[in-house]
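K.L.:
My questions all concern the structure below.
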Amino acid sequence: MTAVLTQNVVTVAAADTAAPTPPRRRRSWTPLLRLISPLVLLVLWQVLSSAGVVSDKTIASPAQVISAAAELWSDGSLQDALAVSVQRVLLGVVLGVALAVVLGVLAGFSRIVELAIDPPIQMLRTVPFLGLVPLFIIWFGIGEEPKVLLVALGVMFPLYLNLFAGIRSIDGKLIEAAETLGLSRFQLAVHVVLPGSLPQALTGLRLSLGVAWLALIVAEQINADAGLGYLVNNARIYFRIDIVIFGLLVYAFLGLATDAIVRALEGRLLTWRKTYQGA
């Protein structure tokens, strides 16, 4: 009996001291797998269009969409529209992120500030921000201001909520340990709280950028004379379904591109965080 117990103890000890199994390396072809389902849908779309199952009057075929893209590129319409739309989104995102970071940090660090600004923000958040378009037109006219502000408003709420929640989710024991080590309030914020809230803040940024493009689509319907929204709206008037679909695909691509940028930023800034990557 003693010999069996001794053998079990030795086995457990050996298992504890054994080198941990290294995680499986992510295969280089994993990004290619993400393209399979879109390509399958694209081929199916073209096959159904060529077979006449899907009418061209209902939805243009991929070949027609590609032809429309070439047409817009050759006459410079696409480049001009992209430049205007990207500028609007950049201005709106910068303004929205600045507001969200300032308000989120202040509310996250101060209970008094939270009681002062969080209730109004939560009330505004429950109002569909796209429903504010008529008010924005009355207040700011039909120029660039309502378009940029609508994007900024859509960006602000997801980032504010996630940053605030990230700050408040910091383990209290870490705060106590930092205070015991003599860290000042500023050092505590820089070295403990903000790094700890960064994962959730970046998640909020990804959500915000997705909302930014949604807000832009609506904003560019406000008497726009340039931009992707103007391009799509003008195509609708002339029943150019191929251009409408291409414009929507460009919006989708821009959304995916900005999301990929934030994901790459996460990979750079969160190297210290080891998370489950899936089987």
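The values are calculated or read from the model by the stated rules, or taken from the named source; none is laboratory data. Only a predicted model underlies this, so the values are computations on that prediction, with no experimental measurement involved. Here Cβ is always computed from backbone atoms with ideal geometry, including for glycine, and neighbour counts include all displayed protein chains.
K.L.:
Taking Gly247, is it over 21 Å from Ala107 (Cα atoms) and part of a loop (DSSP other than H, G, I, E, B)? If you could, list the steps in order and put the result at the bottom.
P.N.:
Working: over 21 Å from Ala107 (Cα atoms): yes; part of a loop (DSSP other than H, G, I, E, B): no.
When the stated conditions are applied, Gly247 does not pass them.
K.L.:
Taking interchain pairs and intrachain pairs at least six residues apart, which have beta carbon atoms under 9 angstrom, with the first residue in the stretch 209-234 and under 19 Å from Leu256 (Cα atoms) and of a type outside the set (Lys, Arg) and the second modelled with pLDDT under 90 and assigned to a loop (DSSP other than H, G, I, E, B)?
P.N.:
Leu216/Gly227; Gly227/Glu220; Leu228/Glu220; Gly229/Glu220; Gly229/Gln221; Gly229/Ile222
K.L.:
For the condition modelled with pLDDT under 90 and on the phi > 0 side of the Ramachandran plot, what is the one hit in Asn223, Asn234?
P.N.:
It is Asn223.
K.L.:
Mind listing whichever residues of the stretch 48-65 are surrounded by fewer than 18 Cβ atoms within 10 Å (Cβ to Cβ), in a helix (DSSP H, G or I) and of a type in the set (Ser, Thr, Tyr)?
P.N.:
Ser50
K.L.:
Which members of the stretch 133-188 meet the condition of being more than 21 Å from Ala212 (Cβ to Cβ), hydrophobic (A, V, I, L, M, F, W, C) and not in a helix (DSSP H, G or I)? Lay out the reasoning, then the answer.
P.N.:
We begin by selecting, within the stretch 133-188, every residue more than 21 Å from Ala212 (Cβ to Cβ); these are 138, 141, 167-188.
Subsequent filtering for residues that are hydrophobic (A, V, I, L, M, F, W, C) retains 138, 167, 170, 174-175, 177-178, 181, 183, 186, 188.
Matches in the stretch 133-188: Ile170, Leu181, Leu183.
Listed here are the residues, each with its yes/no results for (1) within 17 Å of Gly229 (Cβ to Cβ); (2) buried (at least 16 other Cβ atoms within 10 Å of the Cβ); (3) of a type in the set (S, T, N, Q); (4) touching a strand residue (DSSP E or B) at 6+ places or on another chain (Cβ under 7 Å).
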{"site": "Ser67", "(1), (2), (3), (4)": "no, no, yes, no"}
{"site": "Ser74", "(1), (2), (3), (4)": "no, no, yes, no"}
{"site": "Leu78", "(1), (2), (3), (4)": "yes, yes, no, no"}
{"site": "Leu115", "(1), (2), (3), (4)": "no, no, no, no"}
{"site": "Ile138", "(1), (2), (3), (4)": "no, no, no, no"}
{"site": "Val151", "(1), (2), (3), (4)": "yes, yes, no, no"}
{"site": "Pro158", "(1), (2), (3), (4)": "no, yes, no, no"}
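K.L.:
Do any residues in the stretch 173-201 that are closer than 22 Å to Gly267 by Cβ have Cβ atoms under 9 Å from those of residues that are among the β-branched types (Val, Ile, Thr) and surrounded by fewer than 13 Cβ atoms within 10 Å (Cβ to Cβ), where the two are at least six apart or on different chains, and which pairs are they?
P.N.:
Close Cβ pairs (under 9 Å, with a partner that is among the β-branched types (Val, Ile, Thr) and surrounded by fewer than 13 Cβ atoms within 10 Å (Cβ to Cβ)) amount to Pro199/Thr275.
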